[in-house]
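Take a look at the structure set out below.
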Amino acid sequence: MVFKRLLGSLGVGGPTVDTVLDPGSVLPGGTLSGEVRLTGGSASVDVDHITLELVAQVEAEHEDGESEGSVVFERFTVGGGFRLGEGERHAVRFDVPLPWETPVTELYGQPLGIVLGVRTELAVTGARDKGDLDPLAVRPLPVQEAVLEALGQLGFGFRSADLEYGRIGGTGQRLPFYQEIELTPAPQFAHGASEFELTFLAHSGGMEVVVEADKRGGFLGGGHDTLGRFTVTHDTAGVDWNTVVDGWFRQLLENRGAMYAEPHHAHQDSHHGSRPGMGTAVAAGAAGLAVGVVGGMVAAEVVDEVGDFFEDDEEED
C-alpha cells in the first residue's frame, strides 16, 4: 500500500512523499524494507531528515475504564542531508530492524485484530510534517507459530487479541505495551479457568511466554487470576510442542495462587517425541485458531477496527 500527501506545513507547491513497503509480512526481530520516494515541489528545498515511526494502537486501563490511543514504539532516521530540486525525483531505500517484541498481526495470513502502522516524517528547510499511516503486517516467529499450532491442536479457541499499555512484572519486557491473545479453554482445562490470556515476549535468544488463567467467581466468590511465566529458545526442531504447551497449562493450574510458576525450557522436553509435520500442524492449528479468527463477527470487527484506526489518523493529521 502506498500513501501520498502534500506536506501541509510547507504550503501549496511543497514536495510530496510516497513510502512503499516491500510486499508481504515481516517477522518480529526481522527487517522492514521499502523505499521513500520524494518529488520536489515548485522550489528547491533542503531535506534535513527522513524518519520512519512504528505506531501501534493500544488499550490503556485507568480509573475511569479503558481508552484507546496510538503509541510510537520505534523511530528510524533513514535519510537526509541533501537538496531536493524543483520537480526532482529522489528515492531513499531503507532496511530497518523491527523490535523483537513487535506484536503479531496475523496467523496464516488471517488478521488477529492487532493494528500496526508505519508513518514517515519529512523535515524540510526548517519545517516538518508527517505522512499517513501505512499498515504493517507481522507474522509469527517459528517458535510463536509452533506454540499457536499446539494450542489449536489441544483444543483451545481464539477469542480476541489486543495490545495493553503497561508492563508485566518479573519479565524482560522492553516495549511500553504487550500483546494479549485471549483463548477459550481446551475441554481438559475448562474446569480450572474460564479464559486464558497468552503473551509472547521475544528476544534475540528466545522467548518468554506469559500465561494467565482467569477464573471468574460467582455471586459469593470473587475471581482469581494465576500467572505463569515460561521460557523457550528459538530452536523448534525435535520438540513435541503439544506436550510442552499442555504441560504449561497443567503446571499453571496446579500452582494456582502462586505469582509465578517456575520457568520451563522447551528444549529440555525434546525426549517426548518429534513435532508433527508442518502440513499436518498448520491444518490442525488453523482449525483450532486461525479459522476462528476469520469466522463470523470476529473478522468483521477486525476489519472495521483497522479501517477506523487509519481513517482517524488521517483526520488528525
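The values are calculated or read from the model by the stated rules, or taken from the named source; none is laboratory data. What you see is a predicted model, and the numbers here were worked out from it, not measured in a lab. Glycine also receives a Cβ, built like all others from the backbone with ideal geometry; neighbour counts cover every protein chain displayed.
A few comments on the model shown:
- Failed item in (1) farther than 30 Å from ASP48 by Cα; (2) within 18 Å of the chain's Cα centre (by Cα), with ALA186 passing the rest: (2)
- Scanning region 186-204 for residues that are farther than 26 Å from ARG167 by Cβ and either assigned to a loop (DSSP other than H, G, I, E, B) or touching an Asp or Glu at 6+ places or on another chain (Cβ under 6 Å) (or both) yields ALA186, ALA190, HIS191, GLY192.
- Scanning region 47-91 for residues that are of a type in the set (D, E, K, R), touching a residue at least 24 places away in the same chain (Cβ under 8 Å) and exposed (fewer than 12 other Cβ atoms within 10 Å of the Cβ) returns GLU61, ARG89.
- Subset of region 1-28 (residues that are modelled with pLDDT of 85 or more, buried (at least 17 other Cβ atoms within 10 Å of the Cβ) and not hydrophobic (A, V, I, L, M, F, W, C)): PRO15, ASP18, THR19, PRO28
- Of the strands (runs of 3 or more DSSP E) lying entirely inside region 70-155, the ones with 2 or more residues being of a type in the set (D, E, K, R) are found at 89-97, 116-124, 127-135.
- Qualifying positions in region 168-197 - surrounded by 14 or more Cβ atoms within 10 Å (Cβ to Cβ) and hydrophobic (A, V, I, L, M, F, W, C): ILE168, LEU175, PHE177, ILE181, LEU183, ALA186, PHE189, ALA193, PHE196
- Residue satisfying all of: in region 213-242; buried (at least 16 other Cβ atoms within 10 Å of the Cβ) and of a type in the set (Ser, Thr, Tyr); modelled with the lowest pLDDT among these: THR226
- For SER42: the one exception among (1) within 30 Å of GLY13 (Cβ to Cβ); (2) assigned to a strand (DSSP E or B); (3) polar (S, T, N, Q): (2)
- Check on ALA202, at pLDDT 95 or above, buried (at least 21 other Cβ atoms within 10 Å of the Cβ) and not β-branched (Val, Ile, Thr): yes
- Being of a type outside the set (Lys, Arg), under 26 Å from the mean Cα position of the chain (by Cα) and under 21 Å from ASP18 (Cα atoms) holds for only one residue in VAL58, VAL72, VAL45, and it is VAL72.
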